[in-house]
Amino acid sequence: YGTTGSKAILTALAEYFQDTHVIDRRRHTPWLVAFMLAKGLSLLDTTGLWPIQAGGNMAITSGSRAQARKWSRGIYKQYPPIVGIWYSSSLVGNPCIALYERARDRLPGRPHFNESLASPKLLSGLTQMAEDLKYDLK
């Protein structure tokens, strides 16, 4: 995956469909959406030493989701200027961003790209990414 966009899409698919390992293009009508930020983001970078310095470890991105949510609630309270968290995907290692509702004013009114996963335009790319992830495509 030579482009940032392809890595982002692969990561999103891996994360979203991780429980079933099936990229279901129709169930729950999933869409692929990309947007350009209207403003910059103040993010807490948890990919480096911060988790250790804060008394934790990298398990906040790869361990229990309940524990990660607990950490996120603490981060939210302790760092009011932060609008989200920069972290590494525990599945593919690529960077991810989780935004809090505080980031609402940084999002544009319209997406840059917005396409249903059921669209024939996405089939070829989804087929390749499903194969790379060893996920089924439905």
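The values are calculated or read from the model by the stated rules, or taken from the named source; none is laboratory data. Note that the structure is predicted; figures quoted are calculated from it, not measured. Positions of Cβ are backbone-derived with ideal geometry, glycine not excepted, and every protein chain shown enters the neighbour counts. To get the accessible areas, we keep the full protein, side chains included, count just its heavy atoms, and leave off ligands, DNA and RNA. Shrake-Rupley method; radii C 1.70, N 1.55, O 1.52, S 1.80 Å.
Values for this structure:
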quantity: Residues of the stretch 87-138: accessible area per residue with a 1.4 Å probe, Å²; calculated: 65 Å²
quantity: Mean separation of Cα contacts under 8 Å, 6 or more apart, over the residue count of the chain: relative contact order %; calculated: 41 percent
quantity: Projected label distance in nm at SER62 and HIS28, using a 7 Å step from Cα toward the beta-carbon; calculated: 2.4 nm
quantity: Added length on full extension, which subtracts the Cα-Cα distance from 0.36 nm per residue, SER42 to ALA118; calculated: 24.0 nm
quantity: Residue pairs, from the table LYS70/LYS134; LYS7/LYS39; LYS77/LYS134; LYS7/LYS77, whose Cα atoms sit over 27 Å apart; calculated: LYS70/LYS134; LYS77/LYS134; LYS7/LYS77
quantity: Three-way shape call for the stretch 1-64 based on the alpha-carbon gyration tensor, with the a/c threshold at 1.5; calculated: oblate
quantity: Apportionment of accessible area to carbon and sulfur, the stretch 44-88, percent (1.4 Å); calculated: 57 percent
